[in-house]
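Read-outs: derived from the displayed coordinates by stated rules, not from any lab. Predicted, not measured: the structure shown is a model, and the values here were computed from it.
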Amino acid sequence: MNEKKNPLDLDTKVIIALAALLLVLVGAFAAAFLLPPVVDKPVMPEGDVAVYARKDGGLELFWPELPEGVACLVRVKEQGGARFVDAEGSSEEDCFVLSTQQLSAPVQVRFYAAAEGKNLLGVRRTAESENYLEITLNYLKPTSPQDLTSRIGADGSLELSWTREEGVRYEICTVERNQCKPVKSVESGSARLRFGEDGDLAMPGQNRTAAIALRWVMDGKGYTLYSPLSETVELGRDDLLSGKLALEYQQTGERLYTLRWKETKGDYYEIQAWNREENRWEGVQQVDAGGELVYETGRVGSGADCRYQVTAYQQASAGPQITAGPEEVSFRADISPLYATVWPILDQPLRSAAGENSAVLSTVPGGTALCVLEEKDGFFSVRYQNKHGYVDSRFCMINLPEYVGSLCAYSITNSYASVFKVHNYPIDQITGQVIQGFENVHQADGSCLVPLLYPTAQKLIKAAEAAEKDGYRLKIYEAFRPNEATRFLYNTTLAQLDAPLLDSSGAPLPADSAGGDSTAVPIARSIARSMPDPETEEEPEPVLPPDVVIDGEEPDTTPEQPAPAPEEPSEPAQQPSPPKQEEPEKPKEPAYLTLGKVMTGGRFNIGAFLAKSVSNHNRGVALDLTLETWDSAQELEMQSAIHDLSWYAVTDRNNDNARLLEKYMKDAGGLAGLTSEWWHFQDDQLREELDLSGYLDKGVSAAGWKKDDKGWQYRKPDGTLYRSGTIEIDGQRYKMGSDGYVVE
């Protein structure tokens, strides 16, 4: 018989099963939340919290940078309690904002690092760092810096000032697109910002502005508090452009210079160079505003005095208006032989390399015009015919204007109007004429060729620099003189020494009236000349040594025969008296005044002033020069005019100015003077060192190849160029452009 089941027992079992299932579910659910995520426990980085005060009174809290995938949990301590609870407020990726309501009392804030991940049950959980950062913020209402004022300085800088508070420092910031960027920090109540490449800030772009603001900064324990920004100062590009160009120059290579200046108000800039010869400024380039503010001088002349000025202009209906400048810079270019014209004083071997043992490619005739391409180990690299090689620089004369530049002045009068005279009396066929051998010295552009042996030219630089320090400049009247000119000057002058000097009526001047007639002229001339008045100018007796000579010629070393010594007196012997002999008649002095008498005064001959055969001028180691003032180019007064072939020019009569010239030249090393000419100095030391006995007979010219940074040109004897055509040189044809350069 079946027993009937109790329904109560069945319900109990169901309840027990459901309860067990519930316990399992609760345990599983609890495990899902209690089990930690399978991630590394994060660590909160050390560092200060940045606290930025907002104008609405709230605070923005920025914590140190966290690793990727790690967030920050912000907890605030309950007011009056001990717990830290999750902060209420707006939170961003790296910032948390506390409102003004949360700042009614001191607030303690903690910052934890947190990383999310799944635990073993696949549930996403957050792992917090065991360490944290904690700060305490007192109830503060930071205010912006007060009384901020601004002005633009004369140099275009921005000058700021404000009311300073104790215990804080200040940051000047730029504000753009709600982004604040500190650019300068100060502790005083003022600051200065410079704009530009070397300044604190870049210049604003065209039609753009720069917004500048200020805030104070205070350091607390574990945090740095920044005040709200002040009102911004907005500046446009034109506001910051000053009236100062700040023009400067920089050397960028051998005789290469670059001018730079700062931007100012205006539409363009004009660069001008000073033309010393014409005494005026000349425009060389214009630079538009907004472009690179730079001017390249190109390669300037050796030793050149360079002056440049820059002026800023604004276009206006009435014409361009100056907005800044002109500002000027000046400098002396380096002295170097690069691209200078040189002439070998003797035939020279053209070598394959800079050295005496290198192979000889050819022989360069003396007097050939060459262009220096390089100086290396005592040799010049040059082009001769169709070859490039090296010649010994010691035996080359260099063109002084191209080498020494404006350190000296030049007036080679023999190339256009010789100033050779006998005191104040002109010499027929010489005075005012072009001297034989100097026909190609005066160039078409008004300059002159002034050759001097290179080592002597280097000594001349020392003398010129010493004179410049005293405010003087050496003025050169002659350097190299061809031997044909030496012989011409001697023979032409000698032929006229006995010619009578005539007065204005054409009558010979009496011999005893030297200087008495101010209208005396040589017999073959009719130009009136004057002589000193003996009543107003005393002429001391010239004292000349017996061996006085002109430059380079050997003195007459024939010993003088001593006069017989007088016999001792004795008792007269009783001898018959010899027959009385008549004394021979002395040659009569000319009854009229001559060039020879004015030249020598009857004391010495023409050889004291003019070489008969060979002069050191012919060897390129001598020069004739005087002194002038640097600023006004006025020649200093000497005891006679330069090239005065008379005893008035002897060095025993030197005045203070002539003695000063002598000091400059002799202190330069090895430059000796002549007794008969205050203006003449020669490099005897170099002549002996080189055993230089050879010389050039003919004059020099500029004819030959000439190079610069643009290319090659070929000059004619007068310095002009072959242009716009084809020419044949040394068997090779060259096409010349309109600018005179070889067309490659």
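What translational diffusion coefficient, in µm²/s and rounded to a whole number, does the Stokes-Einstein relation yield for segment 615-730 at 4 °C and a viscosity of 1.567 mPa s, taking the hydrodynamic radius as the Kirkwood radius over Cα pairs? Numbers along the way, then the final one.
On the way: Rh = 17.5 Å.
It comes out at roughly 74 µm²/s.
Here the contact order of segment 597-682, divided by its residue count and restricted to Cα pairs under 8 Å and six or more residues apart, works out to 31 percent.
Could you give me D for segment 234-325, from Stokes-Einstein at 10 °C and 1.306 mPa s, where the hydrodynamic radius is the Kirkwood radius over C-alpha pairs? Units µm² s⁻¹, please. Walk me through the numbers on the way to the answer.
On the way: Rh = 14.3 Å.
The calculation lands on 111 µm²/s.
For segment 301-429, the spread of Cα positions along the three principal axes, ordered from largest to smallest, is 68, 51, 23 Å. A Stokes-Einstein calculation at 20 °C with viscosity 1.002 mPa s, built on the Kirkwood radius of segment 365-523 over Cα pairs, returns a diffusion coefficient of 115 µm²/s. Look at where the Cα atoms of segment 299-331 and of segment 212-269 average out, and the two centres are 24 Å apart. Taking 26 Å as the straight-line reach from the Cα of Lys55, the lysines in range (excluding those fewer than 8 positions away in the same chain) are Lys77, Lys141, Lys181, Lys184, Lys221.
Given the convex hull of the Cα atoms of segment 631-672, what is a quarter of its surface area in nm²? Numbers along the way, then the final one.
Numbers: hull surface 14.7 nm².
Computed as one quarter of the Cα hull surface, the answer is 3.7 nm².
On a per residue basis, the convex hull of the C-alpha atoms belonging to segment 226-277 measures out at 138 Å³. A Cα-only calculation for segment 42-168 places Rg and Dmax at 19.7, 73 Å. Put simply, the C-alpha atoms of segment 178-232 give a gyration tensor, and the ellipsoid matching it has half-axes of 25, 14, 10 Å, longest first. Its residues counted as N, segment 287-354 yields a C-alpha radius of gyration over 2.2 N^0.38 Å of 1.93. The fraction of Cα-Cα pairs per 5 angstrom bin, counted from 0 for segment 669-744, comes to 3, 12, 15, 14, 9, 7, 10, 10, 10, 6, 1, 0 percent, rounded to whole percents. For all pairs of alpha-carbon atoms in segment 123-214, what percent lies in each bin of width 10 Å, listed from the first bin to the last filled one? With 10 Å bins starting at 0, P(r) equals 12, 36, 24, 13, 10, 4, 0. Taking every C-alpha pair closer than 8 Å and separated by at least 6 residues, the mean separation divided by the residue count of segment 591-744 gives a relative contact order of 15 percent.
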